[in-house]
1. Do we have Leu82 as modelled with pLDDT under 95 and outside any helix (DSSP H, G or I) here?
2. Which ones in region 17-30 are free of Cβ contacts under 8 Å to residues at least 40 places away in the same chain, out of contact with any strand residue (DSSP E or B) (no Cβ under 9 Å at 6 or more places or on another chain), of a type outside the set (A, V, I, L, M) and under 16 Å from Gly79 (Cβ atoms)?
3. Given the criteria under 10 Å from Tyr83 (Cβ atoms) and not polar (S, T, N, Q), does Val19 qualify?
4. Just checking, does region 58-68 include any residue being at pLDDT below 95, basic (Lys, Arg) and part of a helix (DSSP H, G or I)?
5. Name the single residue that is farthest from Ala60 (Cα to Cα) among those in region 88-106 being at pLDDT below 90 and open to solvent by less than 20 Å² (accessible area, probe 1.4 Å).
6. In region 31-41, which residues are in contact with a strand residue (DSSP E or B) (Cβ under 7 Å, 6 or more places away or on another chain) and open to solvent by 50 Å² or more (accessible area, probe 1.4 Å)?
7. Conditions first: (1) open to solvent by 30 Å² or more (accessible area, probe 1.4 Å); (2) modelled with pLDDT of 90 or more; (3) at negative phi; (4) of a type outside the set (A, V, I, L, M). Asp127 passes all but one, so which condition is the exception?
8. Of everything in region 6-30, what is open to solvent by 50 Å² or more (accessible area, probe 1.4 Å) and within 16 Å of the chain's Cα centre (by Cα)? Give them in sequence order.
Amino acid sequence: LWLAQRHDGEIVSADSMQVYRYLDIGTGKVLPHERRVPHHLIDVTDISQPYSAALYQITARTAIDDICLRGLLPVVCGGTGLYVRAALDDMDFPPGQQVNNALRAELESLADSKGADALIERLRSLDPAAVDLIHPNNTRRLIRAIEMAHEGRRYSQQASGFRAYRPHYPTRYF
């Protein structure tokens with residue numbers, strides 16, 4: 001907020017939870033009356049709607065481009081490192097379906113009934129190197145890695161390039 005106020009900027013939230021309406025407790029949202037500059041990507045979807053870093057990338061870049069077109073400074077801040085990178089780096093997300101994804105529903109059901117170990121074994125058969133990169137309790141990421149394998153991509157290959165991304169915008173990190 002300080003930076004945006006002093007440099008003709010607007011805030012672009014990179015928090016994966018602040019995008020949800022009515023999810024105010026525990027998310028650290030700046031209250032509307034405390035927003036002394038415009039804030040973007042806060043309260044943009046309902047908790048019942050699927051949301052992802054890939055969707056965030058699209059909406060964040062739209063906001064950033066709009067802010068730049070008006071000659072102002074976009075200040076991307078907050079929460080999730082993946083969301084910051086999705087907005088600012090040349091990250092390419094696999095096209096996986098967000099809604100009505102039969103494979104995801106099957107994998108979520110498998111995780112509910114047999115636990116993360118069943119996901120780990122499935123992933124081990126598809127992308128063994130990914131198993132060592134994902135925490136065993138992170139079922140969401142295990143599921144996404146399995147989806148990627150079904151799409152012909154490897155989580156392990158994508159993860160190995162995390163440090164190699166080039167910026168999409170000229171960026172300064174603080």
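The values are calculated or read from the model by the stated rules, or taken from the named source; none is laboratory data. The model shown is predicted, which means the values in this text are computed figures rather than measured ones. Backbone-built Cβ (ideal geometry, glycine too); neighbour counts: all protein chains shown. Ligands, DNA and RNA are excluded from the accessible area calculation, which covers all protein heavy atoms including side chains. Shrake-Rupley method; radii C 1.70, N 1.55, O 1.52, S 1.80 Å.
1. For Leu82, the condition - modelled with pLDDT under 95 and outside any helix (DSSP H, G or I) - is not met.
2. Asp24, Gly26
3. Criteria met by Val19.
4. No, region 58-68 contains no residue that is at pLDDT below 95, basic (Lys, Arg) and part of a helix (DSSP H, G or I).
5. Only one residue fits best here, namely Gly96.
6. Scanning region 31-41 gives a single hit, Pro38.
7. Just one mismatch for Asp127, condition (1).
8. Correct list: Met17 only.
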